[in-house]
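The next block holds one structure in the form of structure tokens; read it before the comments.
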Amino acid sequence: MNQTVSYQPTCDLKAMQARAKMYAQIRQFFAERDVLEVETPILSQAGVTDVHLASIQAQRHVRGKQQTHYLQTSPEFAMKRLLASGSGPIYQICKVFRDDEHGRKHNSEFTMLEWYRPGLSLKELMFEVTDLLNVTLKQRFGSVRPTILSYKHAFMDRLDLNPLQASLKELKDCCNRVGVNLDLGDDRLGYIDLLFSHFVEPSLGFDTPVFLTDFPPELASLAKTKSDEDGELVAARFELYIEGLELANAYDELIDADILRSRFAADNAEREALGLYVMPIDEYLLAALPQMPECSGIALGIDRLLMVATEQMKLEKVITFPADVS
């Protein structure tokens, strides 16, 4: 006997209507600011090197030759090539993919809003994000006024520990003190991430949305680095949190191709050491960077924004067909 399966979506009609309304709001928001909507390929010859992200591979033929390409984890690389070609401010609403990410707030295929603002500082980008929240979340919150909190001070407030200075022993001792008994060896950054994900992140953004700034420099990714108010080196980036949920990730974009190449190489060396697939480096991006304007960029998860807007606790309630039923 064939097993009975449900063909119906996991979200209801109201959620689909809320999504359509949000797309219209976003497009109107950027149209009023003369930010151009663009579209770039979902498949690429190169993928992200970040050891914490897993790209989905796809085989396709290009001019008769079979090649391994990668579904985008973000449209970032292609959009930066447009910026370097003189596009001016741009945004994109698109599907992105991250292998084996599933759960209450994850799905391996999800929808991202990404935009780039030449000439805008991270602080100015925060103002723009706030304006967007006051459009898309107005029905639930009325108006929002996010607060700004540094990664360091969030750690110190909750764990009495400065993650920028803490030694490996201090991080292990902190884990023991809060009851986390997990041996990560000498992975200092792993302990920081463990403490952050369990004791810092879940507490962020309940009274008001929070822009979390000045991350450890090891987490710079494609952002510049700078000195904070105490003279400590940090990554020039911020993340947006509402009700313990990370919604967006923004960078003061790195445009030095030599530094970025070295970061890609370091990522791949770590991937090889961990037994992960070594990713081909995007030479098109590196060639474009010298022509790219100074700018801030941000990626925002639309599905998670819909969760907040519609007061849902599970991603499946705002998307039609999650990976396990699609």
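Considering only region 1-23, how many residues are of a type in the set (K, R) and buried (at least 17 other Cβ atoms within 10 Å of the Cβ)? Talk me through it step by step, then tell me what you get.
Step one: of region 1-23, the residues of a type in the set (K, R) are 14, 19, 21.
Going one step further and asking which of them are buried (at least 17 other Cβ atoms within 10 Å of the Cβ), we end up with 19.
Summing the residues that are of a type in the set (K, R) and buried (at least 17 other Cβ atoms within 10 Å of the Cβ) in region 1-23 gives 1.
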Q.
Here is a list: R177, R158, R145. Which entry is of a type outside the set (V, I, T) and surrounded by 15 or more Cβ atoms within 10 Å (Cβ to Cβ)?
A. R158
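Listed here are the residues, each with its yes/no results for (1) polar (S, T, N, Q); (2) at positive phi; (3) in contact (Cβ under 8 Å) with a residue 12 or more places away in the chain.
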| position | (1), (2), (3) |
| --- | --- |
| K14 | no, no, yes |
| L43 | no, no, yes |
| Q59 | yes, no, no |
| Q67 | yes, no, yes |
Q: May I ask you to list the residues in region 165-222 that are in contact with an Asp or Glu (Cβ under 8 Å, 6 or more places away or on another chain), in a helix (DSSP H, G or I) and over 27 Å from G297 (Cα atoms)?
A: L168
(Q) Out of L315, L274, L305, I need the residue that is among the aliphatic types (A, V, I, L, M), at negative phi, in contact with a Lys or Arg (Cβ under 6 Å, 6 or more places away or on another chain) and touching a residue at least 24 places away in the same chain (Cβ under 8 Å). Which one? (A) L315
Q) Here are some conditions: (1) surrounded by 24 or more Cβ atoms within 10 Å (Cβ to Cβ); (2) over 13 Å from Y151 (Cα atoms); (3) not aliphatic (A, V, I, L, M). T208 meets all but one. Which one does it not meet? A) (1)
Q: Sort out which residues of region 89-126 are under 16 Å from E37 (Cβ atoms) and surrounded by fewer than 16 Cβ atoms within 10 Å (Cβ to Cβ), and write them in order of number.
A: K95
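Given the residues E201, E218, which is the only one that is touching a Gly at 6+ places or on another chain (Cβ under 8 Å) and farther than 17 Å from V129 by Cα?
Values: E218 fails: touching a Gly at 6+ places or on another chain (Cβ under 8 Å).
Answer to the check: E201.
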Q) Where in region 1-99 are the strands (runs of 3 or more DSSP E), entirely inside, with at least 2 residues that are in contact with a Gly (Cβ under 9 Å, 6 or more places away or on another chain) and closer than 21 Å to S221 by Cβ? A) 65-71
Q | Filtered residues of region 139-157 (kept if outside any loop (DSSP other than H, G, I, E, B) and over 15 Å from Y191 (Cβ atoms)) | A | Q139, R140, F141, T147, I148, L149, S150, K152, H153, A154, M156, D157
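Criterion first (polar (S, T, N, Q) and either within 21 Å of the chain's Cα centre (by Cα) or under 20 Å from E101 (Cα atoms) (or both)) does S227 satisfy it? Walk me through how you get there before you give the answer.
Values: polar (S, T, N, Q): yes; either within 21 Å of the chain's Cα centre (by Cα) or under 20 Å from E101 (Cα atoms) (or both): no.
For S227, the condition - polar (S, T, N, Q) and either within 21 Å of the chain's Cα centre (by Cα) or under 20 Å from E101 (Cα atoms) (or both) - is not met.
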Q.
Among the residues in region 115-130, are any under 27 Å from R261 (Cα atoms), in a helix (DSSP H, G or I), over 15 Å from the mean Cα position of the chain (by Cα) and aromatic (F, W, Y)?
A. no
Q. Could you list, in sequence order, the residues of region 161-174 that are surrounded by 20 or more Cβ atoms within 10 Å (Cβ to Cβ) and either closer than 14 Å to E201 by Cβ or not aliphatic (A, V, I, L, M) (or both)?
A. P163, C174
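Every residue in region 57-88 that is surrounded by fewer than 17 Cβ atoms within 10 Å (Cβ to Cβ) and either under 16 Å from the mean Cα position of the chain (by Cα) or farther than 30 Å from E294 by Cα (or both), please. Break it down stepwise before answering.
Let us first name the residues in region 57-88 that are surrounded by fewer than 17 Cβ atoms within 10 Å (Cβ to Cβ), namely 57-68, 85-88.
Across region 57-88, the qualifying residues are Q57, A58, Q59, R60, H61, V62, R63, G64, K65, Q66, Q67, T68.
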**Q.** Flag for L149 being at pLDDT 95 or above and farther than 16 Å from Q25 by Cα
**A.** yes
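The values are calculated or read from the model by the stated rules, or taken from the named source; none is laboratory data. Bear in mind the structure is a predicted one, so any value in this text is a computation, not a measurement. FYI the Cβ positions are ideal-geometry reconstructions off the backbone, even for glycines, and counts take in every protein chain you see.
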